Amino acid sequence: MTADASHQPTAPSPASSSSLTAPGASSPSLLPRAARVFVAGHRGLVGSAVARRLAADGHEVLTRSRDQLDLRDAARTEAFLRDARPDAVVLAAAKVGGIMANSTSPVQFLEDNLRIQLSVIAGAHAARVPRLLFLGSSCIYPKHAEQPIREESLLTGPLEPTNEAYAIAKIAGITQVQSYRRQYGASYISAMPTNLYGPGDNFDLATSHVLPALVRRFHEARVSGAPEVVLWGTGTPRREFLHVDDVAAACALLLERYDGDGPVNIGCGEDLPISELAEVVRQVTGYEGSVVWDTSKPDGTPRKLLDVSRLTSLGFKPAVALRDGIAATYEWWLAQQRTG
Ligand SMILES: NC(=O)c1ccc[n+]([C@@H]2O[C@H](COP(=O)([O-])OP(=O)(O)OC[C@H]3O[C@@H](n4cnc5c(N)ncnc54)[C@H](OP(=O)(O)O)[C@@H]3O)[C@@H](O)[C@H]2O)c1
């Protein structure tokens, strides 16, 4: 079984390739050299970055587009995995969306994700795949979890209602991974990234996350000569952002070095007010008008920051500075615009 040649990963940016300083590098890696790794969801923001990183590390990346293999189809997914016989699977395929999509289609967010996870994790076990990394998200944690959010706060309180169906599917995935570990001794692990951004991000204002939305709005304001950009809320809520090349580096590190039962948070350990983020984006896009905060609009949670001590104890250090990462993402998006 060969990789999907039309989507071969390219090398990561130089910044990401120097981001790991794993201690105990002399201890044997849990991932063989030149391993065959199936990256499920390789066209997505996270999966594409993971595929680039693993390829740059000398691994053989196996991919299947959704047209070739719908991962909700358990029988076909298991047959693919039995045939491909990868050394590891990275599960970065998911039905993902913003508040609006989550609120209007909770059935799809629950069922598609449960089905993808059942197919891929159970299929990997049936096909005797020795290693698997399941990716969830920080929305699995209780709405009022103590900050910074530790992995131990999982299942200690009510979830944010707007994405509860998605979060519960992801929590089921964590439990599935833990159950395969406990019942069968499988070396399967899970990781929960913070807010991510980078090349491959979604810039559609109807469905995008805050960072690409800010980039697009400031860019369009500059191009149209708009005197001001109006943003929702007070700008005071604090959020954490990590570049996808850093999340990919963290995934590679976890595949090599982590074999624990609990999920591992992936973040940079630092947050900033949305107003500061907006100022960085304003400067990067070259917009010179003013920023107006519409304080009649809701702010959302005051702070969302992950405790990343479990990850940093393995030697992880993010390599991409926020301003540089935003500038590179802006360049990527402009290039996409030019090529249509
Ligand atoms: N983006 C973030 O800020 C962020 C933050 C924290 C955690 N995460 C987590 O990271 C994971 C990936 O997120 P992402 O942002 O990379 O999402 P994404 O860009 O939407 O990519 C998801 C990928 O999954 C594929 N997929 C979805 N349903 C499929 C199916 N039934 N069969 C085969 N492939 C399917 C999609 O294929 P198509 O290309 O064909 O649609 C796409 O390639 C998710 O678990 C998410 O919770 C993301």
Handout entry: In the stretch 323-338, the residues that are surrounded by 12 or more Cβ atoms within 10 Å (Cβ to Cβ) and either modelled with pLDDT of 95 or more or within 10 Å of Gly198 (Cα to Cα) (or both)
Key = Arg323, Asp324, Gly325, Ile326, Ala327, Ala328, Thr329, Tyr330, Glu331, Trp332, Trp333, Leu334
Problem - Leading residue by the ranking (nearest to Ala94 (Cα to Cα)) among those in the stretch 48-71 that are hydrophobic (A, V, I, L, M, F, W, C) and not in a helix (DSSP H, G or I) - result: Leu71
Practice task
Could you please let me know if Gln147 is more than 14 Å from the ligand (Cβ to nearest atom), among the polar types (S, T, N, Q) and touching a Ser or Thr at 6+ places or on another chain (Cβ under 9 Å)?
Solution key: no
Handout entry: Some residue of the stretch 281-302 being over 26 Å from Thr234 (Cβ atoms) and not charged (D, E, K, R)
Key = no
Practice task
Could you please tell me which pairs satisfy a Cβ distance under 7 Å, a separation of 6+ or placement on different chains, a first residue in the stretch 106-122 that is more than 18 Å from Phe38 (Cα to Cα), and a second residue that is of a type in the set (S, T, N, Q)?
Solution key: Phe109/Asn102
Completion exercise
Residue count, the stretch 243-258, condition charged (D, E, K, R) and in contact with a Phe, Trp or Tyr (Cβ under 9 Å, 6 or more places away or on another chain), comes to 1
Exercise for the section: Could you please give the count of residues in the stretch 245-304 that are basic (Lys, Arg), away from the ligand (no atom under 16 Å from the Cβ) and in contact with a helix residue (DSSP H, G or I) (Cβ under 8 Å, 6 or more places away or on another chain)? Expected result: 1
Handout entry: Qualifying residues in the stretch 95-129 (those that are surrounded by fewer than 17 Cβ atoms within 10 Å (Cβ to Cβ) and closer than 20 Å to Arg82 by Cβ) - the one nearest to the ligand (Cβ to nearest atom)
Key = Ala122
Handout entry: Matching option when the condition is modelled with pLDDT of 95 or more and under 14 Å from the mean Cα position of the chain (by Cα), among Val230, Val264
Key = Val264
Exercise for the section: Can you tell me which residue among Ala319, Ala252 is over 23 Å from Asn202 (Cβ atoms), touching a residue at least 12 places away in the same chain (Cβ under 8 Å), in a loop (DSSP other than H, G, I, E, B) and hydrophobic (A, V, I, L, M, F, W, C)? Expected result: Ala319
Practice task
Being modelled with pLDDT under 95, of a type in the set (Gly, Ala, Ser), more than 10 Å from the ligand (Cβ to nearest atom) and part of a loop (DSSP other than H, G, I, E, B) narrows it down to one of Ser29, Ser16, so name that one.
Solution key: Ser29
Completion exercise
All-but-one check, Ser65 against (1) in contact (Cβ under 8 Å) with a residue 24 or more places away in the chain; (2) surrounded by 17 or more Cβ atoms within 10 Å (Cβ to Cβ), failing number (2)
Practice task
Might you let me know whether the stretch 88-100 holds any residue that is part of a helix (DSSP H, G or I) and either under 18 Å from the mean Cα position of the chain (by Cα) or modelled with pLDDT of 95 or more (or both)?
Solution key: yes
Handout entry: Residues located in the stretch 214-244, provided they are in a helix (DSSP H, G or I), touching a Pro at 6+ places or on another chain (Cβ under 9 Å) and of a type outside the set (Val, Ile, Thr)
Key = Ala221
Handout entry: Test for Asp73: is it within 13 Å of the ligand (Cβ to nearest atom), more than 21 Å from the chain's Cα centre (by Cα) and more than 23 Å from Ala126 (Cβ to Cβ)
Key = no
Handout entry: Some residue of the stretch 165-174 being away from the ligand (no atom under 15 Å from the Cβ), buried (at least 22 other Cβ atoms within 10 Å of the Cβ) and under 29 Å from Arg257 (Cβ atoms)
Key = no
Exercise for the section: Just give me the residues in the stretch 211-232 being among the hydrophobic types (A, V, I, L, M, F, W, C) and either near the ligand (Cβ under 10 Å from one of its atoms) or at positive phi (or both), in sequence order. Expected result: Leu211
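The values are calculated or read from the model by the stated rules, or taken from the named source; none is laboratory data. Bear in mind the structure is a predicted one, so any value in this text is a computation, not a measurement. All Cβ positions, even for glycine, are placed from backbone atoms using ideal geometry, and neighbour counts span all protein chains on display.
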